Amino acid sequence: MFFERFRVELGKYDEGVHDVGEPVDAASGTLRELPAQLADFYRSWNGARLFADTIVIVPVAELGRTAGGAWRIGEWPEGALELAGDGRVRSRDDEAAIVVGATLEKFLAAAMAREGLLVERDGEFKDVFDEDDVAPRVRERQTRAALKIDPDAAAWHLEEAQRAVAEGGERAAEAALALAVALDEEAAAAWALLG
């Protein structure tokens, strides 16, 4: 069954923490136009609002296309979410894009794991903040969780590199950045830090 890990993660939270739409009718002509993994998602849920709208996958009727032909599928705090022709999920802000999921299924699994380190079953935040930001030890756990689930997403290697730079680990940072740009040649932030 597709998106099995995502289904399991959804079940760990109380009602109201996540809002998922009813499945789209499998006979819908709209689904035939979509990439297979996106159509599989909509056969189970017509959109999703996760962690009280922190991560949004839009209903099928709200899907759009970018100038480059990718599907604009939603948003999260780092920017718009796009599903490209190569099947990878990219996060795009005003300046650049980076791969945050080798597939939609892996992106959702990684996102659930990362946010699950911050949010209790009932939707309340855990005690993981230092002042107004997530504690560095928790950020590290988020990165490691995402890398374990999806080692082919450049964004998590960039996060690992940024943490290594902050800790003075230039060689570790360089290795993580090299991997990030190898996985995603368009990862402008990784290229800039590598330079």
Just for segment 1-18: of the residues that are in contact (Cβ under 8 Å) with a residue 24 or more places away in the chain and assigned to a loop (DSSP other than H, G, I, E, B), which one is farthest from ILE149 (Cα to Cα)?
GLY16
Any chance ARG32 is basic (Lys, Arg), under 18 Å from ILE149 (Cβ atoms) and surrounded by fewer than 16 Cβ atoms within 10 Å (Cβ to Cβ)
no
When ILE73 is run through (1) among the hydrophobic types (A, V, I, L, M, F, W, C); (2) closer than 28 Å to LEU118 by Cβ; (3) open to solvent by 30 Å² or more (accessible area, probe 1.4 Å), the failure sits at (3)
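Looking at this structure, is LEU118 open to solvent by less than 40 Å² (accessible area, probe 1.4 Å), closer than 22 Å to GLN162 by Cα and at pLDDT 95 or above?
Numbers: open to solvent by less than 40 Å² (accessible area, probe 1.4 Å): yes; closer than 22 Å to GLN162 by Cα: yes; at pLDDT 95 or above: yes.
Answer is yes for this residue.
Where residues in segment 76-98 are within 18 Å of VAL20 (Cβ to Cβ) and not β-branched (Val, Ile, Thr), which of them is most open to solvent (accessible area, probe 1.4 Å)?
As a first pass, look at segment 76-98 and keep what is within 18 Å of VAL20 (Cβ to Cβ): 76, 81, 83, 89.
If we keep only those that are not β-branched (Val, Ile, Thr) as well, we get 76, 81, 83.
Numbers: TRP76: 29, LEU81: 0, LEU83: 1 Å².
Taking the candidates together, the pick is TRP76.
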Matching residues in segment 152-169 - criterion: being modelled with pLDDT of 90 or more, farther than 16 Å from ALA111 by Cα and either open to solvent by 60 Å² or more (accessible area, probe 1.4 Å) or in contact with a Pro (Cβ under 7 Å, 6 or more places away or on another chain) (or both)
GLN162
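Find the residue count for segment 19-39, including only residues that are part of a helix (DSSP H, G or I) and over 21 Å from LYS106 (Cα atoms). So that I can check it myself, show each step before the final result.
Our first condition is that a residue be part of a helix (DSSP H, G or I); within segment 19-39, this holds for 29-32, 36-39.
Still in the list and also over 21 Å from LYS106 (Cα atoms): 29-30, 32.
Number satisfying all stated conditions: 3.
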Give the residue that is modelled with the lowest pLDDT, with candidates limited to residues of segment 121-143 that are surrounded by 12 or more Cβ atoms within 10 Å (Cβ to Cβ), over 24 Å from ARG49 (Cα atoms) and touching a helix residue (DSSP H, G or I) at 6+ places or on another chain (Cβ under 8 Å).
PRO136
Considering segment 40-69 alone, what residues qualify as being at negative phi, modelled with pLDDT of 95 or more and in a loop (DSSP other than H, G, I, E, B)?
TRP45, ASN46, THR54, VAL58, PRO59, LEU63
Those residues of segment 38-61 that are polar (S, T, N, Q) and surrounded by fewer than 17 Cβ atoms within 10 Å (Cβ to Cβ) come to a total of 1
Residue set GLY21, GLY101; condition farther than 30 Å from VAL138 by Cβ and open to solvent by less than 30 Å² (accessible area, probe 1.4 Å); output residue GLY21
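Under the condition of being in a helix (DSSP H, G or I) and at pLDDT 90 or above, which residue from segment 180-193 is most open to solvent (accessible area, probe 1.4 Å)?
ALA182
The values are calculated or read from the model by the stated rules, or taken from the named source; none is laboratory data. Everything quoted here is computed from the prediction, not taken from an experiment. FYI the Cβ positions are ideal-geometry reconstructions off the backbone, even for glycines, and counts take in every protein chain you see. In case anyone asks, the SASA skips ligands and DNA or RNA and just uses the protein heavy atoms, side chains included. Shrake-Rupley method; radii C 1.70, N 1.55, O 1.52, S 1.80 Å.
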